[in-house]
Amino acid sequence: MLLGQLIMDAGQVTRKACKRLLKDGHVTVDGQVVTQFATVVDPSWQEIAVDQIVIDRHFGHTYYLVHKPKGYLSANKDQTHPTVIDLIQPADNPGDLAITGRLDRDAHGLVFVTNNGQLHYIFQQPKFDIPKTYRITVNGLIDKKMVAQFQAGVIFQDGTICKAARLEIISASPQSSTGLVTISEGRRHQVKKMFLACGVKVTDLYRQKIGDLRIDDLAVGDYRRLNEAEIQSLKSIFLLYDKRKES
């Protein structure tokens, strides 16, 4: 959100008064004086103060980790199937949440939900190389040759070349194998298509991790707000994004 808008909302001041506060050096972000109205900030992960009075974090964006069950759509609304947003209690939903890192209806595991539009954009862009880790089961053998294919970049039938990915074998047999795969891009149905290109079909897909966000012991169908360490990891991603914009 814009710093000026935040000050107006939090302090119930006019735009003119807000600009005066900024111009006269009354506003700090993480201890540094900031004078630009359009500076992008978030009190959820930054200390923003006016005359040394810190603005409360509840004025910031909302961030949730959700443990998506199978059968739920990565959507806000649907007339036929339950959605990820349906799992969030109305009292916890500001009404403008977006799903970052969608999962197919038959997949399950970690979904990140936020109303921070810029962060949502960053997570959707392959150029930022945010890794996503999945535990998968396939209906055939995962072997060292397939591990090498993933490392080299799997090629789809249409000629699309995926970025290098990491595949670790947990168990393997000709009938069924389990592994961990980490990718840093987000093409539609990408993990499933990668394995199909290697001759096997994914029968179960469970996302464990997005960047530094982990599902850990979050129960199926539950959600929670991010903890302090997770908030700081998002801040690091956002700062990297700002540096890339400047370069």
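The values are calculated or read from the model by the stated rules, or taken from the named source; none is laboratory data. This structure is a prediction, so every number in the text was calculated from the model and none was measured. All accessible areas refer to the heavy atoms of the entire protein, side chains included, with ligands and DNA or RNA removed. Shrake-Rupley method; radii C 1.70, N 1.55, O 1.52, S 1.80 Å.
Details
- Cα gyration tensor shape for the stretch 11-53, rounded if a/c is under 1.5, else prolate or oblate: prolate
- For the stretch 108-163, the fraction of C-alpha pairs more than 14 angstrom apart is 72%.
- When the P(r) of the stretch 1-138 is calculated, the portion above 28 Å amounts to 35% of the C-alpha pairs.
- CD proxy at 222 nm, helix term only [per DSSP H run n ≥ 4: -39500 (n - 2.57); per residue of the chain; nearest 500]: -7500 deg cm²/dmol
- Two-decimal Rg/Rh across the stretch 90-192, once Rg and the Kirkwood Rh are taken from alpha-carbon atoms: 1.04
- For the chain, a Gaussian network of Cα nodes joined below 10 Å ranks 51, 204, 86 by mean-square fluctuation, and the top entry is 51.
- Rounded accessible area of residue 70 (nearest 10 Å², 1.4 Å probe): 110 Å²
- Relative pair counts by distance (%), Cα atoms of the chain, 5 Å bins: 1, 6, 12, 15, 15, 14, 12, 9, 6, 5, 3, 2, 1, 0, 0
- Kyte-Doolittle mean at least -1.0 and Cα axial length at least 15 Å: DSSP H helices in the chain: 228-246
- Backbone amide hydrogens, once placed in the peptide plane, bring residue 61 within less than 5 Å of 44, excluding anything fewer than 5 places away on its chain.
- Rg(Cα)/(2.2 N^0.38 Å) for the stretch 63-150, N = residue count: 1.29
- For the chain, averaging the sequence separation of C-alpha pairs within contact (under 8 Å, six or more residues apart) and dividing by the residue count gives a relative contact order of 18 percent.
- The HN-Hα couplings worked out from phi for the stretch 217-226 by the Karplus form 6.51 cos²θ - 1.76 cosθ + 1.60 (θ = phi - 60°) are 9, 5, 5, 4, x, 8, 8, 8, 6, 6 Hz, whole numbers, x standing for Gly and Pro.
- Per residue, the average separation of C-alpha pairs within less than 8 Å and at least 6 apart gives the stretch 1-54 a relative contact order of 38 percent.
- Among 100, 80, 178, residue whose mean-square fluctuation peaks in a GNM of the chain (springs only between Cα atoms under 10 Å): 80
- Percent carbon-and-sulfur accessible area, the stretch 103-241, ignoring ligands, DNA and RNA, probe 1.4 Å: 50 percent
- Links that overshoot a 20 Å alpha carbon limit, given the list 68/163; 132/163; 209/235; 77/235; 70/132: 68/163; 77/235
- P(r) histogram, all alpha-carbon pairs of the stretch 152-247 included - 5 Å bins from 0, percent: 2, 9, 17, 17, 17, 16, 12, 7, 2, 1, 0
- 1.4 Å probe accessible area per residue over the stretch 1-53, in Å²: 57 Å²
- Antiparallel DSSP beta bridges within the chain, percent to nearest 5: 95 percent
- Short to long, the 5 Å bins of the Cα pair-distance histogram for the stretch 141-205 hold 4, 18, 35, 27, 13, 4, 0 percent of all pairs.
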